[in-house]
Amino acid sequence: METVKEFIVILMSSVSSCMLYSKKHASVGELTGKSFSILDTLLKQSGRFEIVIVEDELIVNKNPLRDIGTHGSTLVKRLRRKGISRIDIVQGITLSELRQFVADIATADKKPLSYPHIKIGVVDIAIDRMTMNIDSADGDFSSVTAELNQKTREGYLRVSPFKKPNVADFQELVMHFIVMIQKEIGILNIMSPVKSAGDSYYTHATNVSVLTIFQAKTLGIQEDSLSDIGLAALLHDIGKLLIPTDQMKQEGGYELKEEGIMLHPLYGAQYLARIDGLTCLAPIVAFEHHLRYDGKGYPHHAIPNYRQHICSQMTAISDYFDILRNTRPEMRALEVKEVLSLMKTKDEGLFNPFLINNFIRSIHLALS
Amino acid sequence: MNDNNKKIPLDAKLLSYAIIELNISRRNVAIYPQEHPSMERSLMRAFDFLKQLFQLRPEITFGIAKDTIIVDEYQLDKKNPVYQEFALSLNKIHIASVTFKNGLTKDELYQFNCFLLEKIDHLPVTKVREVFKKNSFPHVAVVFIDYGTFSFKTSTTDQTTREIPLWEKYVYGLIKNPLQTEDITDAVRDIPPETFSNLLNKFSDAEIKEETYDRVITAYMRSSPQRTFSGQDCKRMFEFFNRLKPDLKKKFLSSSIRTFSQDKNLANQALAEMPFKDIIAFLDSAIEQRITVPQHLMDLITSLVPSSHGNIGDVLLHETVVLDDVLIPTDSAELLKKKNFEKLLSDKYQQDIQQLFVLHTSDLKTSQLIELEHEFIDELIDQRFNQIILELLRSETLSEIEYRSLVNIMRQQTEHLLWLGQFGQFVEILKILEINQALHRFPDINADALQYYHSSDFLALLVNSLRVLGRQKRREVAMICEYYRHKLIPYFMDALAEEDSQVIRRFLMDQLKRFGDKLIPEAMKRLADERWFVKRNVLYMLAETGAKEVTDQIKTCCRHENPKVSLAAMKYLLNTGDNYAIEMLREFLDSKEKEKIHQGVLLAGSFRIKEVVGELTALLQKQEISGSDIQDKIPVVRALGEIGDPQTVKVLQALLTGKSILYRGITEQLREEIYKTLKNYPYESIRNLIEEGVNSKNEVIRTESDSLKRKYS
């Protein structure tokens, strides 16, 4: 299995290299050559090499391949986007064939061609009677169900350093948001008001998720990325639930001391970074959502001229908007137009001007 | 499973308890010894529940679909964390189903739990199967996942194709192959309404048999001594309706209204527990679908209307603004009305907004948007992710477990980082580990990671990636070399020995040069290599260091059969000022081998060896037999020009005055070369040549002479 893992790592590295540089770059040639030579050894052993993707798992030669790091899941994601869930490679494959395959996988908008010794396709379960074709999901999602919301809420609030969350539940919720936004259900109708202090974290999280997906959608960001963006935004404040009790204003409460607030991006990121199968955007956004576009903000970081990822920039906008839109004991909730006005004019350097303009315009269009 | 068994439905509660206890006992095995009371208790409880199940059936099979347990055709609550945990623990070791048979003993159950906890998840299925067989469990049968059943549809790629969960297939069976209603009740209730409706929406009205509608509705509404149809079930059913496409929604609504009409008690009991607005919504849907609601059902619903609600229309109006059953304040709701909203906007703000509206959607497709999309490239996200991990490794909020886990993530990522030429991030990893080590933060973890980063396999990988991608990242490569110091020398030497590309060889030698004297011991080892090019490269490297302590070993290479090696050795010796090289050079110049003479001439010129001027002039004075003999004198003229010894001038003059009828062209070229190489001779010795050259008919000679004359005037 070690050789198989090595092959997958090198193959993914060559795809990544091809993506970052070009297919003619020396590193692509080197890596493809290296993966070809490992593949050759593997093919000599068994005559054929199969890669199957079942859900988020990579199964190679009928054995699941585990612990292959983020590049393994990136390969799964990349193949999925191409609609490939199975690859069979047989003896006789040439280096140029593998090179072409790598280049095709690396190219975002290109569907892989057919190759003489690489068969690509989809996986089905060989139970004839039960086989059915599933069309793309087309339910009538008028609102997020109370049940799903409740489950996700419980899962969210039960988060602890010793318990991993059920990512699938969060993903399901985000998919609902995406479908609702695609169906052009009013953005404010999807968002929820905060009912109680204990409820505030979760409700705020879902609102930020909705608003961030909405922004991404209005910006024309590829559909493929929406789920990851929504999920990352949903989990942006998860660090608040992981802060030690000594940084809470009162035991069992939700209010954080100032120090706790400043640390929540770190707690969130370090928690999310360790969850297998979760999009890498989640820890990125958790870490960066309180950094500002002008490079200020918190948490403290060692990298000079650090710039937030675009997803963090969008989440920061949604975060700000939702916080100001909600009622809190000491102040009244600001109205949409007041919040937008504040965001646009009062704090230069807080947001990416391009994104904030898009946000304001889109919210207006959605409301009009 | 035989048909008789299938007819006896399992007690869901019992089944649930059995799984919970099986999971607890499985976990306890990892914590307590077999004789520990807690272990004993949990094993006993799991065993008792299984025994009760065996009274219903002689064997119980749990199908495992990754994180889902399937019993018979029923998928157990997918979101129950205990079921999930139990399923995943089996899935981890490739188990597709496990069957417990009557006759199972407590000890066997304990042993099976031990098997589940063995560290075998990294093994392939075949090996896990072998481990299972060795254990021998007479009353536990296990089916391992057969990945061969995943059939292959070639030459198709489909963005919408996805793995079909087993229960989806079950629902398919429900529609196409009628099952007993009793069998499906719990399963239908257990399927989340949105999922169930999604599945049904894939079928057209015509595909679904009429009785299916009633069967599903009966399944939702059926009451039994164990379970009553509650307001909550009713709510789930309404949710299910609301997600159906119109044709199916109508059919299911009709069926439910029919059932409600037939069973007033059921309707009364369920609807009384429902929030009023849900009942209204249900009624609304029925009316919208043009379904006639029987009068007695209408009366019942009217009787349930609480008087405080007054006007239904107001509630519904609010609902368009209400979120999650909670009314937002009236003034907020009012604000969302366009008229009021615009009224409250400041002039300045309105101007800003107007400007934004002027932009067309197509304007968004600018370079900014392309840049945005670029940020979602997986590789760049990975890169940023690594950056965050590095930031986290610096933070003081990490526990030991978290720190270890993040260090492991970076370790996993390192090979990929190197192959993408992200050497900067790699340097950061080393820096952080070293700093944390110095600060005594998690020293064992740092030591372990650093050991990996200093291992032989890793260093070979590192240098290999530097070989391919290092030329573009010289600053980072320098930092890496500085960090590892002489540890990298053997790996660079290996890479150098195997490298075909001259450009990369040069790069590798540049890196080796950084190590100065430190590379001598390794270089001397490599000098014994049989391959001529390895010797040559080593000699080049040694020549760069200028080390004198190894000259004796180098001298032996001066007589190597390959002139490239001997020449490199001579270069080394010349660099160190060893006279042995001059002896060797003379031998070269006196040689009968043209190649050796040629190399010797080049070397004499480039090192300006005065001691061999005699040998060089002798070469010039040689009788020419062919044009090529004249041609061979050109490099000699150049070498002598580099040395600039005045004794040479006489020979040069002789060459200039000599005549050749046969080889006029090449002779003229030789003369031109003499003038081109005069600049290093003392002026006095070449003054006459310059005077003659100024008047020459040859333009090159004239130009060169003019230039020299100007220089010395």
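The values are calculated or read from the model by the stated rules, or taken from the named source; none is laboratory data. Given the structure is predicted, the values throughout are model-derived calculations rather than measurements. Don't worry about glycine lacking a Cβ; one is built from the backbone with ideal geometry, like all the others, and counts go over all protein chains shown.
Brief remarks on what is shown
- For segment B:65-84, a tally of residues being more than 11 Å from chain A (Cβ to nearest Cβ) and either among the small types (Gly, Ala, Ser) or out of contact with any Ser or Thr (no Cβ under 6 Å at 6 or more places or on another chain) (or both) returns 8.
- When B:Glu530 is tested against the conditions (1) crowded, with 16+ Cβ neighbours inside 10 Å; (2) more than 21 Å from B:Ser465 (Cα to Cα), the lone failure is (1).
- For segment A:99-110, residues that are under 20 Å from A:Leu43 (Cβ atoms), surrounded by fewer than 19 Cβ atoms within 10 Å (Cβ to Cβ) and within 13 Å of chain B (Cβ to nearest Cβ) total 0.
- The residue that is modelled with the lowest pLDDT, among those in segment A:272-309 that are closer than 23 Å to A:Val76 by Cα and facing another protein chain (nearest Cβ under 9 Å), is A:Arg274.
- Flag for B:Met1 being at pLDDT below 85 and not in a helix (DSSP H, G or I): yes
- Restricting B:Glu673, B:Glu684, B:Glu704 to those that are more than 18 Å from B:Asp645 (Cα to Cα) and either assigned by TED's automatic domain parsing to the domain that holds B:Gly641 or under 60 Å from the mean Cα position of the chain (by Cα) (or both) reduces the list to B:Glu704.
- When residues of segment B:612-645 are limited to those that are outside any helix (DSSP H, G or I) and more than 22 Å from B:Gly665 (Cβ to Cβ), the one nearest to the chain's Cα centre (by Cα): B:Gly644
- Top-ranked residue in segment B:412-427 [being touching a residue at least 40 places away in the same chain (Cβ under 8 Å) and within 9 Å of chain A (Cβ to nearest Cβ); ranked as surrounded by the fewest Cβ atoms within 10 Å (Cβ to Cβ)]: B:Glu415
- Within the option set B:Leu43, B:Leu117, B:Leu56, being free of Cβ contacts under 8 Å to residues at least 60 places away in the same chain and either surrounded by fewer than 17 Cβ atoms within 10 Å (Cβ to Cβ) or closer than 20 Å to B:Val142 by Cβ (or both) holds for one residue only, B:Leu56.
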